[in-house]
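Only one structure is covered here, and it is reproduced in the block below.
We did not get these values from a lab; they are worked out from the coordinates using the rules stated. Here the structure is a predicted model, which means the values were calculated and not measured. All Cβ positions, even for glycine, are placed from backbone atoms using ideal geometry, and neighbour counts span all protein chains on display.
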Amino acid sequence: MKRLLRLFQWVLKAAVFFTLFAFALNNQQETRVNFFFGTFWQAPTVLVVLSAFTLGMVIGVLGMVPRWWRHRQAIQQHVKPPAVMNPIPETPHGI
């Protein structure tokens, strides 16, 4: 069973790789990204898309860092981390 699961994971990873590889091969045209004051960046479409994805990931991670720090400090102090506000009040089942 473990071998079958590992084989499935390998096939899934290969499928994702070949899909992204085909995407890169099909998007080699030059794309122009215009910035302010008449500046621009001209690069293949796949580089523009991957750069935008990477920039979004970096911004997302940086946005999560303060919460990670608070949770880490709470764990180091052996207290329960602050709970996320739940807008739905908990009610007993069947009522």
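Only the Cβ atoms of Lys and Arg (+1) and of Asp and Glu (-1) were treated as charged; on that basis the dipole of the stretch 2-76 about its Cα centre amounts to roughly 600 debye.
Over the stretch 2-76, the ratio between the Cα radius of gyration and 2.2 N^0.38 Å evaluates to 1.70.
Placing unit charges on the Cβ atoms of the charged side chains and taking the dipole of the stretch 2-76 about its Cα centre, the candidate lying farthest along the positive direction among 43, 12, 25 is 12.
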